[in-house]
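Each value in this text was obtained by applying a stated rule to the coordinates, not by laboratory testing. In this text, all values refer to a predicted model and were calculated from it rather than measured experimentally. A quick note on method: Cβ atoms are made from the backbone with ideal geometry, for glycine too, and the neighbour counts reach across all protein chains shown.
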Amino acid sequence: QVQLVESGGGLVQPGGSLRLSCAASGSIFSINTMAWYRQAPGKQRELVAASTSGGSTNYADSVKERFTISRDNAKNTVYLQMNSLKPEDTAVYYCHAEGLVTMSLYEGDYWGQGTQVTVSS
């Protein structure tokens, strides 16, 4: 059974940094895209950053130059380095794996349980 487990959230002051991690576990053959989404109270879930297996990345305009996504394909892990955090970055951050293929050749999309990031003084 595939699971995505996030870690690294917490409370940080404006201007501070956090690093989120998301590890996919289970009988995994490959993962096409790993991404981070976030959802603030009363708002829709939005894409923050994504990384493809081919090395391409894309970011929401609101986080460009501040956030960096990276992944370790050997560990099926994706990271999100968040710098210069702002109060408007406060949200639950979710890890998403798209096009995850298991060893039994089942392909599907998976979500993590989410980790809270709060930016406040």
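Summary table
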{"item": "Qualifying lysines (Cα of each under 18 Å from Cα of residue 43; at least 8 residues distant if same chain)", "result": "86"}
{"item": "Rough spin-label spacing in nm, given labels placed 7 Å along Cα→Cβ, for residue 73 and residue 2", "result": "1.6 nm"}
{"item": "Rel. contact order, % - alpha carbon contacts under 8 angstrom, at least six apart, the chain", "result": "36 percent"}
{"item": "Check: the chain dipole with +1 on Lys, Arg Cβ and -1 on Asp, Glu Cβ, in debye", "result": "220 debye"}
{"item": "Candidates 61, 109, 89: whichever shows maximal mean-square fluctuation once the chain is modelled as a Gaussian network with Cα springs under 10 Å", "result": "61"}
{"item": "Estimated inter-spin distance, residue 83 and residue 58, nm [label 7 Å along Cα→Cβ]", "result": "2.4 nm"}
{"item": "Filtered chymotrypsin sites (Phe, Trp or Tyr not before Pro), the range 37-121: DSSP coil and at most 11 other beta carbons within 10 Å", "result": "106"}
